[in-house]
Amino acid sequence: MNWAGKRIALIGPLPPPAGGIANQTLQLGELLRAEGLDVELVQVNAPYKPAWVRGVKGLRAGFRLVPYLLRLWAAAGRADLMHVMANSGWSWHLFAAPAVWVAALRGVPVVVNYRGGEAGDFLSRSARWVRPTLLRAGGVLVPSGFLHEIFARHGVATHIVPNVVDLARFKPASSRQGGAGAPHIVVARNLEPIYGISVALHAFARILAEYPQARLSVAGSGPQAGELERLAAQLDLGGHVCFTGRLDRDEMAGLYRDADVMLNPSRVDNTPNSVLEALASGVPVVSTAVGGVPYIVEDGRSALLVPRDDAAAMASAVTRLLRSPELRQQLVECGLREVRRYTWTAVRDTLFAGYTAAVQNGVAPVAVR
């Protein structure tokens with residue numbers, strides 16, 4: 001099926017804040033338009049109007065939800081297909097599920113593009129509510145074999161469509177050879193408990209004992225910002241740690257080009273774009289072996305994997321890497337090869353096949369009484 005000229009309603013969050021699913025939504029819209037599709041973005045995290053509503057819990061959900069549903073209904077009336085970027089928890093119930101049901105009510109084919117490393121726990125708790133909605137969709141797209149297996153356990157078939165990495169933006173530095181005695185280490189995750197930033201700080205304290213000129217950049221924002229800054233002070237990390245705040249895509253690309261190692265200390269994960277972007281930037285990765293991470297990198301070949309919540313193991317992996325130029329070069333070269341599977345050229349036909357299957361599957365009618 002030729003998708004050029006078709007109208008797609010793309011439902012999902014947009015930056016700010018930049019990162020994760022918001023960046024993927026923005027990037028997908030750009031890529032689809034470049035392929036000649038007519039894309040209408042329906043933003044689930046649109047700014048509150050009036051702005052003061054943001055500070056009023058309970059009230060703010062309604063002020064965002066009602067305009068969202070109106071935009072959703074209108075967009076469905078103009079679309080040949082709806083593509084819903086979905087996540088676990090309240091995001092699913094408030095934004096993704098309504099989009100699927102609106103599509104069904106309006107007779108529009110819909111694909112659910114499900115993301116998030118917490119899917120296993122979420123489906124275990126809420127499958128009886130989530131599964132009927134998923135079965136209304138013409139297809140469920142997931143970015144990894146990890147989520148494919150989780151959904152299969154709950155009787156939901158999925159179509160694997162990997163994340164896309166922009167290799168024109170995320171690319172190796174032209175001349176950087178490594179920080180030698182003053183390595184620059186980068187963490188690029190939200191400042192939330194599930195991403196284990198505190199573990200990275202404890203690991204960095206150990207690294208600093210061996211490499212006293214080392215520095216750490218923590219790129220992200222979130223509710224743990226103050227707590228993590230206090231922990232850095234307690235660990236006497238001083239001027240060695242920089243909390244950059246949330247960076248946009250170009251700023252992140254620049255940070256990677258100045259990095260010697262990327263740490264991913266997450267406790268829960270799916271297919272972290274930060275890992276893929278680091279690989280594309282020629283930066284060796286040390287990550288926890290959680291969720292979908294072992295599905296995208298192989299320990300000792302394209303990354304070094306360690307147990308979650310183990311600061312000593314993480315520090316040991318980093319120092320091992322810093323001591324061995326041969327290991328570093330191996331990880332960089334293998335990572336650059338692996339990440340080619342995540343280019344738009346490699347992914348586009350798989351995505352369009354998912355779209356075509358959704359149209360062929362048709363729309364399940366909704367009984368109205």
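General observations
- Residues of the range 30-38 include none that is in the same structural domain as V112 (by TED's automatic domain parsing), assigned to a strand (DSSP E or B) and either closer than 21 Å to R115 by Cβ or modelled with pLDDT under 95 (or both).
Condition check ((1) in contact with a Lys or Arg (Cβ under 8 Å, 6 or more places away or on another chain); (2) crowded, with 24+ Cβ neighbours inside 10 Å; (3) assigned to a helix (DSSP H, G or I)) across all residues:
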| position | (1), (2), (3) |
| --- | --- |
| R64 | no, no, yes |
| W73 | yes, no, yes |
| G77 | yes, no, yes |
| G117 | no, yes, no |
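- Flag for V112 being free of Cβ contacts under 8 Å to residues at least 40 places away in the same chain, part of a helix (DSSP H, G or I) and crowded, with 21+ Cβ neighbours inside 10 Å: no
- Hits in the range 1-46 (condition: within 17 Å of D248 (Cβ to Cβ), without any contact (Cβ under 8 Å) to a residue 24 or more places away in the chain, out of contact with any strand residue (DSSP E or B) (no Cβ under 7 Å at 6 or more places or on another chain) and not hydrophobic (A, V, I, L, M, F, W, C)): E30
- Scanning the range 295-309 for residues that are closer than 22 Å to S198 by Cα and buried (at least 17 other Cβ atoms within 10 Å of the Cβ) yields A303, L304, L305, V306, R308.
- Residue count for the range 177-228 satisfying the condition of being out of contact with any Asp or Glu (no Cβ under 7 Å at 6 or more places or on another chain) and not in a helix (DSSP H, G or I): 22.
- Of all residue pairs spaced 6 or more apart or on separate chains, those with beta-carbon atoms under 9 Å, a first member in the range 252-273 that is farther than 12 Å from M314 by Cα and a second member that is among the aromatic types (F, W, Y) and buried (at least 24 other Cβ atoms within 10 Å of the Cβ) are R267/Y195; V268/Y195; D269/Y195.
- Scan of the range 276-293 for residues that are within 18 Å of C334 (Cα to Cα) and touching a residue at least 60 places away in the same chain (Cβ under 8 Å), ordered by number: L276, E277, A278, L279, A280, S281, G282, V283
- Of all residues in the range 255-280, those satisfying the criterion of being assigned to a loop (DSSP other than H, G, I, E, B) and polar (S, T, N, Q) are S266, N270, T271.
- Criterion violated by G5 - all others in (1) of a type in the set (G, A, S); (2) in contact with a helix residue (DSSP H, G or I) (Cβ under 9 Å, 6 or more places away or on another chain); (3) at pLDDT 95 or above; (4) not in a strand (DSSP E or B) satisfied: (2)
A quick yes/no check of all residues on (1) assigned to a helix (DSSP H, G or I); (2) over 30 Å from A209 (Cα atoms):
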position: G282; (1), (2): no, no
position: V318; (1), (2): yes, no
position: R328; (1), (2): yes, no
position: V332; (1), (2): yes, no
position: G354; (1), (2): yes, yes
position: A358; (1), (2): yes, yes
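- Given (1) of a type in the set (K, R); (2) without any contact (Cβ under 8 Å) to a residue 24 or more places away in the chain; (3) in contact with a Ser or Thr (Cβ under 8 Å, 6 or more places away or on another chain), index of the condition R308 fails: (2)
- Residue selected from the range 229-239 under the condition in a helix (DSSP H, G or I) and either modelled with pLDDT of 95 or more or of a type in the set (D, E, K, R) (or both), by the criterion nearest to D260 (Cα to Cα): A232
- Residues of the range 173-193 classified as under 21 Å from the mean Cα position of the chain (by Cα), surrounded by 15 or more Cβ atoms within 10 Å (Cβ to Cβ), over 16 Å from D248 (Cα atoms) and in contact (Cβ under 8 Å) with a residue 60 or more places away in the chain, total: 1
- Residues that are in contact with an Asp or Glu (Cβ under 6 Å, 6 or more places away or on another chain), among the hydroxyl-bearing types (S, T, Y) and in a helix (DSSP H, G or I), drawn from the range 284-316: none
The values are calculated or read from the model by the stated rules, or taken from the named source; none is laboratory data. What you see is a predicted model; the values in this text were computed from it and never measured. Quick reminder, even Gly has a Cβ in these numbers, built from the backbone with ideal geometry, and neighbours come from all protein chains shown.
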